[in-house]
Amino acid sequence: MTSPTASKLAVGLALSGGGFRATAFGLGALRALHDRGVLDQVRVVSGISGGSLLTAMWAYGPKSFDEFDASVTDLLRSGLQRELIGRALRPGRLARGLSGTAGAVLPGRFHRTQASTRTEALVSAIRAHDFGSKTMTDVTHSGLEAIVSATDLASGNAVRFGSMGSACSPYGVIDADVPVADAVAASAAFPAILPQLTRTYTFTQQNDQSQHTRTVLMTDGGVYDNLGLSPLLPGRSKKFTHHVYDLPYLIAVDAGAGRTTSQPPDFVFGRMKRTLEIAHTRAQDGTRARIHESREAGVLKGHVYAYLGMQDRNLPVPVADLVTRDRVYNYPTDFKAMSAEDLGAVAGRGEQLTRVLLSSYCPELGT
Amino acid sequence: MTDSGVSLARRQLRDLEATSDGAIQIINEVPSSAGPTFIVDLDTSGIAHEPGGIRIRDREWFEIWVPPGFPFDVPSVRSNHRRWLRTPHVHYGRTLCLYAATSVEWNPSDGMRGYLHRLTEWLEHAAAGTLDPDDAPLHPPVVYADLQNGRLIVHPDLGDRAPWAPDGSGTDPKTTYAWCVANGKRVDVLEWVDLETAKDRVWDKDPALFHDGHPSVLMPAVMICDEFGFEFPRKAKELSEGLTESGYGKDQLLADIATATVINVELRKKQLTADATAAGPLWDDVDDPENHPLLTAMVVATPSRRPDGTKRLAHIAAWKFDALGSRITTLFSDVRERDEKFFGDLTESVGELAFDWFDWAKLQWMRVMENRPEVTRRRDAGTPASWLADKRVLVLGAGALGGPIAEACVRAGVRELTVADHGIVNPGILVRQYFTDDDIGQAKVTALARRLSAIRSDLDVIPVPGNVRTELFAPGQNLAAYDLVIDATADASVRAAIELARVSATHRPPLVTMVIGHEADRGLVAVNLPTSSGAGLDAFRKVALHAGSGAPGWRDIMDEFFPKTARTELFFPEPGCSDPTFVGSLAQTTALAGMLLHEALTTLRTAEATKNQAGTYPTDGPSLFASAVRLGNASTGHGTVREQWHPDLVRSDLTGAYEVRISQEALAEIRAEVRRGSRIRDPRIETGGMLLGAFDDATGIVNIDRASGPPPDSYLSEVHFQHGIKGTQERVDAELRRSRSTTGFVGFWHSHPNSQATPSKTDEQGMALVVGPDGSSQRALMMIVGGGGQPWADWRDTGNGPLPSTYLRVVPRSAGPVVAGHRGYVGGLDLQLLPPGTYFRGDGGPPVQVLAGGVVRAQPATSHRSLWARFFGDHE
């Protein structure tokens, strides 16, 4: 049933940030895409934070979907948090990283030595896995490109680590094959929890081919774009970015909870986290509108937007055993071990929404 | 004559002169009643000369004639010498051809400044030899070609008859004959023939005297291997001298004319005898009309450059002899015909007379109108309409859509056209259909065919009045007679009839189906290629499903063509039982007809390019295409939107009464469920779900548009599948709502991953009484997909290759309520009857134990996969 036009049905897949909630929700979405045969049609996968973890585990993980599924399930069940703390608490690292959380938001504290922060511990933790020991060009699946994005604190631009090359638009192209672990850790360094990741790269400016070395301080890619969609959107200019793809179909997997009411936090990090959440929600509304407009304008042939926080009544067709929004939307966005029930629910909703929306809005995919 | 235009030109020229610092000098103004000529001295120094270009001196004088209509009429310019004779774009030795098309190239506001600017540009190009060479200068000068001398329309290619080499070189002239038909002052060359053929036609027992009621006439045509230069002579003497130079002597010229005249005199006599009215009057007033040909004329063909390509093709000119010339040539032919031994001297003297006449006669050039494919380019060349050329087309419907579409087919050059419609012309339709008052009361197709047949001399449109369904689309009808069928009836019965006819048809020409909206501002067109699994009815179903999914650009199409409730405000233009129609003007309907046809032809031409070497369309490509078009006021930001589909999987149901069409989307959903089951349960566990689509008892077609997976309350094992009911009615209702009742419940599917798709005993039991959700027909379709072994695993894992094995059977449906455990629910398995054993549920959770008597017990909590492995052995 693989049609000769399959190559025309190139799909871009974006996996949003949101800690393990995003990883689990994304896993469910990937299951639905796998079942439907659409995963083979994905040409570019772009991930942020928790989504970047999933992006890396799929793009650089085992070829077999079942093995990939099992590896993600194991990680989600055991959690990164403890491993992280364990690594960070080693003597020496502890001493240098005491104020790691505050460092990310305090100017003047940027120039910290490497291997001293809890984010460095995250790098080590990721590197301990097979996928984390690879470099960005080393994608498992042929014909697939992977992008993992972080945010450069100095310029406020995205740092895109990709299998086709890595770059940060104001500085140029990074002349190195970046380790997957660095990219994922940088992308997942949520400022409220983890300090920034510091790396020194040689950049080549695209316009004049000039080279310079620069140290970049990177934080969670979600600060810039928590959906991972921006490198996949149509109409991007090659002049400004390295990552331009011609993708008629977009599948966005968004583990956002939507607008929620919560008690106003009364301590500084809580306030900051809440502020970020509000900013994300607003920015995501804009990105969602942009996809919709691209579709209306015919620039996109089709799109699926699997959104954890979507209202259940808005599903185009009812699902008998639907995992409801209420069941999962307030699952936290950290990297703590997930219970089998929570994992089943979050991943289950991801799978259900993706399957239903795919069948309703892009039935031609996977035919 | 108004002086104002001339005054303007004079003032503009003087202004230019005053500010040109000597570059422009007006030498003189020569008045004339036709407008003055200004002699202008231009500084032309510094114009670069290239090989092949003309030589320009440092200053050149030009004679610029300003017409009284200036600046709306364009001046003309001549050099004051003949040095540029016989170079491109120089006519009559001196006239410079500055503009190819004044209507677009001449801007009156630019005045004389613009004109001199153009002249300078022309000189630069001419000096560089870069004026595009084309054949325009070789056309006979318009001033000499008088319509009174007749028009010669040339249809057939001269092709290989021309004696010159492709580059135009050669020496020997050659004579051929133009077999023509004359209708008044219009003469059409129908064929190039040799002399023997021409004679045979005239002296045959059944001579070819008339064509379509008009007299035949023969013209000698001499083909010489020289260009005439860039102008045609005005006098016969000059022409004759030119021809002699090219190896075609005066005596040969006279002999050829005389030969043709003998034939034409004979033709004329026979024509008068056969039908004096049809033979028509002689072209010239002569004393002895009974021994005179209809006309005496001659064709001369010379090799000519073409704007495209290097091969020299014939440029054709023709002149007709005046009454005297005609008499002399007739006389000459007459005496020559007699025995030369007795009349030798006379022949000679008449010949001399003819030669003398040649010396002072003026030439009467005929207006040649080219229709030869070899030298003309179709105005629709390269457009999608060119797909229609030489096709055999059937147009159903001769109304607001069918009429303009049939006409477009005729003009695009179809080989055959059949138009079918059962309607008659009533006065009201003249508002927007191309009929006339005289046509009222006649069958539409008769009037339409008559009008369209007059467009081309080589095409008679075939009208089929009467019922389209019974006349043309009865089952078993052979559609091989058409290369394209266009259904412009907007009639649901016709669509259904075609759908049915195509089921059994051995030959399926491409089918175009079109409708327009109730306010004539939107249209919908579908194209089914021969590889398509359906026809127009099927196409519109698929459009409804697509539009119902909320696809951008299709939402208003859903409301227009698939409204929630049928439109009740039908428009009845005439009292009594007339067909309801829509309100819309000729401008709207004709615009939509054109847009819809253009869309269809664009599709057909694109698809044509995908044909394989055997000339058939690929079976693995898209085969159904639909476009929605809108007029401006209906534009929703989308003008035209397009969609395409691959063919359905077509199978016959076991009873043979139904054709089952399974969409690619449904197949993908079934495969996705099989993969999902394999992933979360075990590859050996059956799975299944509902089939969503529609039964059409009129055509005997079952469409399966979508497939669902097992509801959570289903029971699944290696040998049983019992479909649950949870959420099924809701799902079916949602589909009905979304698709405006296009798709609903049609049946159930389940998999046999371990064996062929043949029903088990329990399947057979279940089929005896199937209950399904409400909202569909009284039948249900049972579908089993299976295969087992490697083919099944390949299909499941890679999607390569077809579905290994399918079983399809239409069974009656119980009218009972849908309740849990209802016996007769899919598979016929009431839980009571479910054999005891271990079963998965449809929810993806761990398996359960079903005990005898329908008691269900949960398994102890453990990994369901390992549990399954314990029961059935580890499959990997």
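The values are calculated or read from the model by the stated rules, or taken from the named source; none is laboratory data. Quick caveat: nothing in here was measured; it's all calculated off a predicted structure. So basically every Cβ, Gly included, is an ideal-geometry build from the backbone, and we count neighbours across all protein chains shown.
Some observations on this one:
- Selection within segment B:602-628 - within 14 Å of another protein chain (Cβ to nearest Cβ), over 21 Å from residue B:383 (Cβ atoms) and in a loop (DSSP other than H, G, I, E, B): B:612, B:617, B:618, B:619, B:620, B:621, B:622, B:623
- Residues that are outside any helix (DSSP H, G or I) and away from chain A (no Cβ under 14 Å) within segment B:788-812 comprise B:788, B:805, B:807, B:808, B:809, B:810, B:811, B:812, listed in sequence order.
- Scanning segment B:354-405 for residues that are part of a loop (DSSP other than H, G, I, E, B) and small (Gly, Ala, Ser) turns up B:361, B:381, B:382, B:389, B:397, B:398, B:399, B:400.
- The residues of segment B:425-463 that are over 13 Å from residue B:400 (Cα atoms), in contact with a Ser or Thr (Cβ under 6 Å, 6 or more places away or on another chain) and in contact (Cβ under 8 Å) with a residue 24 or more places away in the chain, listed by number, are B:461, B:462, B:463.
- Residue in segment B:662-685 that is touching a helix residue (DSSP H, G or I) at 6+ places or on another chain (Cβ under 7 Å) and over 30 Å from residue B:724 (Cα atoms) present: no
- Members of segment B:596-631 found to be under 12 Å from the mean Cα position of the chain (by Cα), aliphatic (A, V, I, L, M) and either within 13 Å of residue B:522 (Cβ to Cβ) or not assigned by TED's automatic domain parsing to the domain that holds residue B:499 (or both), listed by number: B:596
- Inclusion of residue B:441 among residues that are part of a loop (DSSP other than H, G, I, E, B) and surrounded by fewer than 14 Cβ atoms within 10 Å (Cβ to Cβ) is warranted.
- Those residues of segment B:547-587 which are outside any loop (DSSP other than H, G, I, E, B) and modelled with pLDDT under 85, in sequence order: B:571, B:581
- Taking the criterion of being among the hydroxyl-bearing types (Ser, Thr, Tyr) and more than 23 Å from residue B:759 (Cα to Cα), the only residue of segment B:697-727 that qualifies is B:699.
- Among all positions in segment B:280-302, there is at least one residue which is hydrophobic (A, V, I, L, M, F, W, C) and out of contact with any strand residue (DSSP E or B) (no Cβ under 9 Å at 6 or more places or on another chain).
- Residue match in segment A:340-363 (condition: within 14 Å of another protein chain (Cβ to nearest Cβ) and loosely packed, with under 15 Cβ neighbours inside 10 Å): yes
- Elements of type strands (runs of 3 or more DSSP E) contained in segment B:632-681, each with 1 or more residues being over 32 Å from the mean Cα position of the chain (by Cα), modelled with pLDDT of 95 or more and more than 12 Å from every other protein chain (Cβ to nearest Cβ): B:659-662
- Of the residues making up segment B:694-724, those that are within 9 Å of chain A (Cβ to nearest Cβ), crowded, with 20+ Cβ neighbours inside 10 Å and either more than 50 Å from the chain's Cα centre (by Cα) or more than 23 Å from residue A:358 (Cα to Cα) (or both) number 3.
Conditions (1) basic (Lys, Arg); (2) at pLDDT 90 or above; (3) in a helix (DSSP H, G or I), marked per residue:
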| position | (1), (2), (3) |
| --- | --- |
| B:1 | no, no, no |
| B:4 | no, no, yes |
| B:8 | no, yes, yes |
| B:15 | no, yes, yes |
| B:40 | no, yes, no |
| B:49 | no, no, no |
| B:52 | no, no, no |
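- Remark: residue B:380 falls outside the filter, which requires a residue to be out of contact with any Asp or Glu (no Cβ under 7 Å at 6 or more places or on another chain), surrounded by fewer than 23 Cβ atoms within 10 Å (Cβ to Cβ) and closer than 30 Å to residue B:244 by Cβ.
- Helices (runs of 4 or more DSSP H) wholly inside segment A:17-85 containing at least 1 residues that are closer than 25 Å to residue A:143 by Cβ and within 14 Å of chain B (Cβ to nearest Cβ): A:19-35, A:65-78
- Considering each residue of segment B:473-494 in turn, at least one proves to be under 13 Å from residue B:396 (Cα atoms), surrounded by 23 or more Cβ atoms within 10 Å (Cβ to Cβ), acidic (Asp, Glu) and touching a residue at least 60 places away in the same chain (Cβ under 8 Å).
- Complete set of residues in segment A:278-323 that are at pLDDT 90 or above and more than 14 Å from chain B (Cβ to nearest Cβ): A:306, A:307, A:308, A:309, A:310, A:311
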